[in-house]
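Some notes on the structure that comes next.
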Amino acid sequence: MRIPRRLIPPAILVSLIVALWAFGVTDRLSWSGLAESQTTLKAWVAAHPLLAPCLFVLIYIASATLSLPQGALLTLVGGLLFGTAGGGALAATGATIGAVSLFLIARSAFAEPLARRGGAALGKLREELRRNGFAYLLALRLIPVVPFWLVNLAGALCGMRLGAFTSATAIGILPATFITASIGASVGGVLARGEKPSLAVLFSWPVLGPLLALAALSLMPVLWRKWRTRHA
């Protein structure tokens with residue numbers, strides 16, 4: 001049976017994900033593993049000031065493209081190894097490129113067939129996303145409780161434009177990414193004591209409240225245009 005060419009990239013992607021889980025690679029990316037190797041990692045980063053950031057970004061791109069659940073851990077590692085500003089910037093770069101990679105793979109394989117079979121309802125949704133996709137995606141990216149990989153796939157399958165997807169992702173992930181990197185920058189002592197860092201601060205009202213407010217604010221232009229159209 002011949003596999004359609006458009007399905008080859010997602011088939012390879014799924015195969016890699018299954019292989020990583022089957023061989024326990026994801027289990028090695030853990031808090032305990034980071035605690036044991038943080039001294040070695042810091043020494044290696046200090047000895048390779050140019051290679052280390054590039055390698056970190058490549059690892060983050062692969063993780064985001066493969067939809068691995070270690071995104072928060074990698075962002076903490078970035079803060080631990082490169083500081084809040086450096087780690088946050090590197091993590092945001094890797095996450096954005098990885099998200100775009102997954103978006104392009106999913107869109108090329110499934111978006112057009114889904115559009116042909118989706119009927120009028122999906123057609124209206126795709127048209128709405130073409131007009132206001134940036135605002136909707138920005139709102140979702142600003143809220144750290146929405147799974148990163150799910151938003152990537154939803155944007156691709158619903159026909160978002162690449163430019164809107166990329167810009168909304170790059171902007172929307174910045175607050176939570178830099179907050180997580182700042183936690184990572186001061187987490188060395190916690191790991192050395194054998195304790196697990198807590199990301200509960202991301203879901204506390206002093207942090208989550210402003211993020212929700214920003215998400216609501218990003219939707220205001222859309223709501224305003226709809227209100228004007230309805231009352232014109």
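Given the conditions (1) surrounded by fewer than 17 Cβ atoms within 10 Å (Cβ to Cβ); (2) among the hydroxyl-bearing types (Ser, Thr, Tyr); (3) modelled with pLDDT of 90 or more, and given that Ser108 satisfies all but one, which numbered condition is not satisfied?
With (1) surrounded by fewer than 17 Cβ atoms within 10 Å (Cβ to Cβ); (2) among the hydroxyl-bearing types (Ser, Thr, Tyr); (3) modelled with pLDDT of 90 or more applied to Ser108, the lone miss is (3).
State the number of residues belonging to region 174-189 that are modelled with pLDDT of 90 or more, β-branched (Val, Ile, Thr) and buried (at least 22 other Cβ atoms within 10 Å of the Cβ).
Looking only at that region, the number is 2.
Look at Ala95 and say whether it is within 23 Å of Ala213 (Cβ to Cβ), surrounded by 16 or more Cβ atoms within 10 Å (Cβ to Cβ), at pLDDT 85 or above and among the hydrophobic types (A, V, I, L, M, F, W, C).
Considered against the rule, which asks whether it is within 23 Å of Ala213 (Cβ to Cβ), surrounded by 16 or more Cβ atoms within 10 Å (Cβ to Cβ), at pLDDT 85 or above and among the hydrophobic types (A, V, I, L, M, F, W, C), Ala95 comes out as yes.
Please go through region 77-91 and pick out each residue that is out of contact with any Phe, Trp or Tyr (no Cβ under 9 Å at 6 or more places or on another chain) and aliphatic (A, V, I, L, M).
Once the filter is applied, which keeps residues that are out of contact with any Phe, Trp or Tyr (no Cβ under 9 Å at 6 or more places or on another chain) and aliphatic (A, V, I, L, M), region 77-91 yields only Leu80.
Cβ contacts < 8 Å: first residue hydroxyl-bearing (Ser, Thr, Tyr), restricted to region 105-116; second residue modelled with pLDDT of 65 or more and in a helix (DSSP H, G or I), any location; separation 6+ or different chain. Result?
Listed by first residue and then by second, the contacts come to Ser108/Arg6; Ser108/Pro9.
Do we have Leu102 as modelled with pLDDT under 85 and assigned to a helix (DSSP H, G or I) here?
Taking the combined requirement at face value, the residue does not satisfy it.
Answer with yes or no whether Pro53 is over 16 Å from Ala11 (Cα atoms) and outside any helix (DSSP H, G or I).
Taking the combined requirement at face value, the residue does not satisfy it.
Collect the residues in region 149-173 that are at pLDDT 90 or above and either under 19 Å from Gly71 (Cα atoms) or crowded, with 20+ Cβ neighbours inside 10 Å (or both), keeping them in residue-number order.
Ala164, Phe165, Thr166, Ala168, Thr169, Ala170, Ile171, Gly172, Ile173
The values are calculated or read from the model by the stated rules, or taken from the named source; none is laboratory data. Quantities reported herein were computed from a predicted structural model and do not represent experimental measurements. Reconstructed Cβ throughout: ideal geometry from the backbone, glycine too, with neighbour counts over all protein chains shown.
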